[in-house]
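Enquirer: Pasting a structure below so you can have a look.
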Amino acid sequence: MTMNKVFKKLRGRNKKQYQLLAFCIFLSVLLVSAFSFMYFGPTVQEFLPEGGDTRKLANLLLGVTAAGCCIFTVYASTLFFRQKSREYGIFLALGEPKKELKAVLFTELSILCASTSLAGILCGIPVSYLIWKLFELFLVSTSRTGYRFGMGGFLAGILFALLLALLLGVTGRLFVSRTDIMDILKAGQKTETVKEVKPYILPLGVGLIAAGIILGSGLQIAAAYLFRRLIPGTNLFYLLALAGIYLVLLSAVSQSRLGRNKSKFYKNMVSVSMMRFSAKSTTRNMCVIVLMLFSCIFSSFYGMLYTTTAQTASGGLRGFALHYPAREDQITQADIEDTAKKHAVTLKDFCEGDGANLVISYKATDYDDGKYIDVDKKEAKLALFLSCEIYEALTGDEPDVPAGSYKTVTPADYKENIWDHTDGLYAAANPDTGENLPLSFGGTLTAGSIYAMSMPYAYVINDGDYASLTKGISPDYAEHIVLFDVTDPDSSYDFAKDLYGQYVSHAGDISLHIGNYDAWEERLCLKQGEEYGYSPKPDLSEDIIDDWKYGPAFAIITKVDSLQLLSIYVMLCLYIFIICLSAAAVMSYVRSVSIAENNRTLFDNLERLGADVSYRDDILKKQLSRIFSYPAVLGCFLGFVFSVFMTWTNDRRFTADEITTLMIILGVIVLVLAFLYGVYYFSRAAARRIVGL
Amino acid sequence: MLNVRHLNKTYTVGSNAYPVLKDLSFHVRKGEFVAVMGPSGSGKTTLLNCISCFIPHDNGEILLNGKDISGLPEQKMSKIRNRHLGFVFQDFMLLDGLSVFENICLPQVIAKRPIVQMEEKARRLCRLFGIEKVMEKYPAEISGGEKQRTAVARALMNQPYIILADEPTGNLDSRSCKAVIDAFLRAKEEMNATVFMVTHDSYAASFCDRVVVLKDGVIHTELTHKESRRAFMDELLDVLRELGGDSDDDE
Ligand SMILES: Nc1ncnc2c1ncn2[C@@H]1O[C@H](COP(=O)(O)OP(=O)(O)OP(=O)(O)O)[C@@H](O)[C@H]1O
Ligand SMILES: [Mg+2]
């Protein structure tokens, strides 16, 4: 009988402990590397704009997932070490040198980590592929959305596995260095000291959550609107809310006071007592689950948000809108009609007309030096002006604008943002003659297609005013506008693509400007000898030209193309959703099993005291259901509240679409809860087996 | 109160059978304090586990207050353990997460009895066994003797027909040991409790009314406490020495 044989035999006996740890390492590495294979793959990387919101979000959620996985693995390892402590104590007491034990422990750990991590990374490849394929079933799939494998994912997976190994190593070191024979033998024996939870914890926690949310988000908004100033770092206040969640859960899990309701106290006495030793670690665990579920709900909200913006993006006046410098030799009505015929598309509401770009003086809000300030922009830029006559011809609406006033064109359902004001304009001028005319605000008109043609707005003025302002203006400032619809928009994609191509090939140098380009601003800049920042030209050779001042607005193209882009976003969100949900499920399961393991003697004792099966089962059920329900309810609730909050702060109101989104989120929450119930059922069965019910 | 008739128990390990209890019969009367002694491996713990039906016996009868309790379904057995049997073990078996007071209440909490009487009774038992000062403490914070007295108080909570104790003084120093024995004696005097105790300790056994000595699964002798405690103890020591057992103690 050699020492090695002894260790081998013990390993055989304690297979369960090794299995749990191995499973946790495997699962964390699998989740993280499956995510990275997809996320760092070319398909996703090419789609996500550099430094964009979605990329930030994905990074954040990848971080949360990795952190969550680390936490539950390290947690499982402490369980592993604790169960080993008695064995080690006995070895130490019998004179086995600590060095030897350390060597054995670390060899075991390294082998376990290396093999399970490798398995996790390898399984990550098919898993990420399968999940991707699953989503492709539901979403628009084209050659651009195909799964492409990212080598970067390997690196991320390996780095994560190393990090995990390092963390486990540190935990193991702490365990061994703390190991003093007496401590270990005592820990192996059962009597543990109770740490009671103080009664003020609950109100404190509730207070912190409220304070965190109010300070974290409310302050931001209040500051923006009241003091017109951003306060940096207010996001840190959310940490207060997190601390609050921890305290609330802590008291919910382990507190019971002999208050007015005595019978309740005694009924719950035993199940509460189970938590008296592990309340803190259980609660930490639950907090992570709350975060996971929060990310889960929030990512589905984000995915939904993308989907609905895809639909609302097409809310213009006409499905097809063109505007370009009048001097440009563009496609004509005849060209358009020919193309329509070629594609068997029927045009309707076709109309065209000219507007003029005039120099505007207007009031707006600016952000400077950490402060919102009102600015008077005198003769600062150009904006598109239409005469009443032309506007009516284009839209069919009679604008009815008296002399000396103007009406501002907005899209349907428009809500003013903080920067631009529909009534901000107070004068317009002819850029060539300098002829200046003060104007007063006369209301708004609704025509999304025209609104999109000019910044900050397009304006409609009285025919007389228009004539006097445009007298002597050079044709450089004239803009030609074409609007039309087709009878069956959904089958007009090929037509639209064809037309788009023709439009691009007709576009000459004068049309080649990016969205923010303004000829007047450029003139002012050059006069002052400064460099003009918006002079770069758009690249017309690309498939989709993002930033083009005179880009055609064809709703059907935007819809189809953006849908494909969106499907990537949505897929990413769904992926994160799945990862977070499975992490939450695993963590809850591990918790339940370890609670059952830790309380095996308690259930033995209860049996001896004559507690029948149903009583013991009830106690177990109470405890486990708490572990599942609290974080589930809290996580989903917070995720939902945050989603509602985000929808509202976006533009300080709820549109019908947003309400639908929120309803769907509620549906998702129900599904998540149902899934967690399933996990609960499964965990409970496992726990029952452990405590011998 | 407790009547054991022709009890047989055989452990089977692999293909080998080890008979541990062989046709054992004895009787414990109400209010009697009986000890079981015997060398290690003679079957004392097995006997106790059979009586409490933690392990099934092969044949024979175990009558508690005249009713056979062997082979009852789980639910009924639980009820009997809760109402009619009290347990005290060597390793205390207190729930670490419950305070002394809560531990004592536990049997009635399990039985869902009315709270006011329950608390009243638990307090009375604490006073009776001198543990009212540690009532709010947790097992980790009290001495071994106090733990064992807590266990005795808990065992008495439902006024059981009989208290079964397996080496209740095994882990204790002599002073704590005396305190626990006093607790049993008090329970006997004030509550007319019946106690059936397995012990190695002839000092502890010398306080009993009667001692059953087991050897290899059969009753070797039965000794009754007649004269002084000292004399009874000497008598016990003689028998044990003659058995060549490993009785490990003097006063
Ligand atoms: N579960 C079991 N399976 C097989 N044999 C057992 C089992 N439990 C006990 N035995 C055997 O039964 C015999 C009696 O055991 P028991 O525990 O009743 O002795 P005891 O009198 O309580 O001893 P001690 O004084 O050391 O506690 C012993 O020989 C033991 O090896
Ligand atoms: Mg024994």
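Yes/no matrix, rows are residues, columns are (1) within 16 Å of ligand 2 (Cβ to nearest atom); (2) under 24 Å from A:GLU607 (Cα atoms); (3) of a type in the set (A, V, I, L, M):
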position: B:MET1; (1), (2), (3): no, yes, yes
position: B:LEU24; (1), (2), (3): yes, no, yes
position: B:PHE33; (1), (2), (3): no, no, no
position: B:SER99; (1), (2), (3): no, yes, no
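Enquirer: Given the residues B:LEU185, B:LEU237, B:LEU164, which is the only one that is surrounded by fewer than 18 Cβ atoms within 10 Å (Cβ to Cβ) and within 14 Å of the chain's Cα centre (by Cα)?
Expert: B:LEU185
Enquirer: Quick check on B:LEU72: is it surrounded by fewer than 17 Cβ atoms within 10 Å (Cβ to Cβ), farther than 22 Å from A:VAL613 by Cα and more than 16 Å from ligand 1 (Cβ to nearest atom)?
Expert: Judged against the criteria, B:LEU72 is not a match.
Condition check ((1) touching a strand residue (DSSP E or B) at 6+ places or on another chain (Cβ under 9 Å); (2) within 16 Å of ligand 1 (Cβ to nearest atom)) across all residues:
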position	(1), (2)
B:LYS67	no, no
B:PHE87	yes, yes
B:ASP91	no, yes
B:LEU106	no, no
B:VAL109	no, no
B:LYS112	no, no
B:LYS121	no, no
B:GLU146	no, no
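Enquirer: Report yes if B:PHE54 is within 16 Å of ligand 2 (Cβ to nearest atom), part of a strand (DSSP E or B) and within 9 Å of chain A (Cβ to nearest Cβ), otherwise no. If you could, list the steps in order and put the result at the bottom.
Expert: Values: within 16 Å of ligand 2 (Cβ to nearest atom): yes; part of a strand (DSSP E or B): no; within 9 Å of chain A (Cβ to nearest Cβ): yes.
Answer is no for this residue.
Enquirer: For region B:126-160, give me each residue that is more than 11 Å from chain A (Cβ to nearest Cβ), in contact with a Ser or Thr (Cβ under 9 Å, 6 or more places away or on another chain) and part of a helix (DSSP H, G or I).
Expert: B:CYS126, B:VAL134, B:GLY145, B:GLU146, B:GLN148, B:ARG149
Enquirer: Additional query: Could you list all residues from region B:91-104 that are touching a helix residue (DSSP H, G or I) at 6+ places or on another chain (Cβ under 9 Å) and more than 7 Å from chain A (Cβ to nearest Cβ)?
Expert: Hits for region B:91-104 are B:PHE92, B:LEU94, B:SER99, B:VAL100, B:PHE101, B:ASN103, B:ILE104.
Enquirer: Among what's in region B:114-125 and is in a helix (DSSP H, G or I), within 14 Å of chain A (Cβ to nearest Cβ) and not β-branched (Val, Ile, Thr), pick the residue that is surrounded by the most Cβ atoms within 10 Å (Cβ to Cβ).
Expert: B:ALA122
Enquirer: Shifting gears a bit: Just to be sure before I move on: is B:SER78 free of Cβ contacts under 8 Å to residues at least 60 places away in the same chain, facing another protein chain (nearest Cβ under 9 Å) and either surrounded by 16 or more Cβ atoms within 10 Å (Cβ to Cβ) or closer than 16 Å to A:PHE603 by Cβ (or both) in the structure I sent?
Expert: yes
Enquirer: Kindly indicate whether any position in region A:622-639 is within 14 Å of chain B (Cβ to nearest Cβ) and closer than 23 Å to A:LYS16 by Cβ.
Expert: The answer is yes, given that some residue of region A:622-639 is within 14 Å of chain B (Cβ to nearest Cβ) and closer than 23 Å to A:LYS16 by Cβ.
Enquirer: Please list, ordered by residue number, the strands (runs of 3 or more DSSP E) wholly in region B:161-251 having 1 or more residues that are within 16 Å of ligand 2 (Cβ to nearest atom) and touching a residue at least 24 places away in the same chain (Cβ under 8 Å). Walk me through how you get there before you give the answer.
Expert: Numbers: elements: B:162-166, B:195-198, B:210-215, B:218-224.
Qualifying strands (runs of 3 or more DSSP E): B:162-166, B:195-198, B:210-215.
Enquirer: I've got another one for you. Where the second residue is within 9 Å of ligand 2 (Cβ to nearest atom) and the first is within 15 Å of B:THR199 (Cβ to Cβ) and lies in region B:42-53, which pairs have Cβ atoms under 7 Å and are six or more apart or on separate chains?
Expert: Qualifying pairs under 7 Å: B:LYS44/B:VAL198; B:THR45/B:ASP166; B:THR45/B:VAL198; B:LEU48/B:ASP166; B:LEU48/B:VAL198.
Enquirer: Right, next: Just to be sure, is B:SER202 within 16 Å of ligand 1 (Cβ to nearest atom) and among the hydroxyl-bearing types (Ser, Thr, Tyr)?
Expert: So B:SER202 fits the description; yes.
Enquirer: Got a sec? Which of B:THR12, B:THR45 is part of a helix (DSSP H, G or I), more than 10 Å from every other protein chain (Cβ to nearest Cβ), within 13 Å of ligand 1 (Cβ to nearest atom) and farther than 30 Å from A:PHE265 by Cβ?
Expert: When all the criteria are applied, what remains is B:THR45.
Enquirer: What are the residues in region B:204-228 that are surrounded by fewer than 21 Cβ atoms within 10 Å (Cβ to Cβ), of a type in the set (Ser, Thr, Tyr) and more than 24 Å from B:ASN65 (Cβ to Cβ), if any?
Expert: B:THR221, B:SER228
Enquirer: Now for a separate question. Identify, from the list B:LYS22, B:LYS30, the residue that is surrounded by fewer than 14 Cβ atoms within 10 Å (Cβ to Cβ) and either away from ligand 1 (no atom under 13 Å from the Cβ) or over 22 Å from B:ASP201 (Cβ atoms) (or both).
Expert: Numbers: B:LYS22 fails: surrounded by fewer than 14 Cβ atoms within 10 Å (Cβ to Cβ).
Every option except B:LYS30 fails the conditions.
Read-outs: derived from the displayed coordinates by stated rules, not from any lab. Computed from a predicted structure; not experimentally measured. Virtual Cβ from ideal backbone geometry, glycine too; neighbours counted across all protein chains shown.
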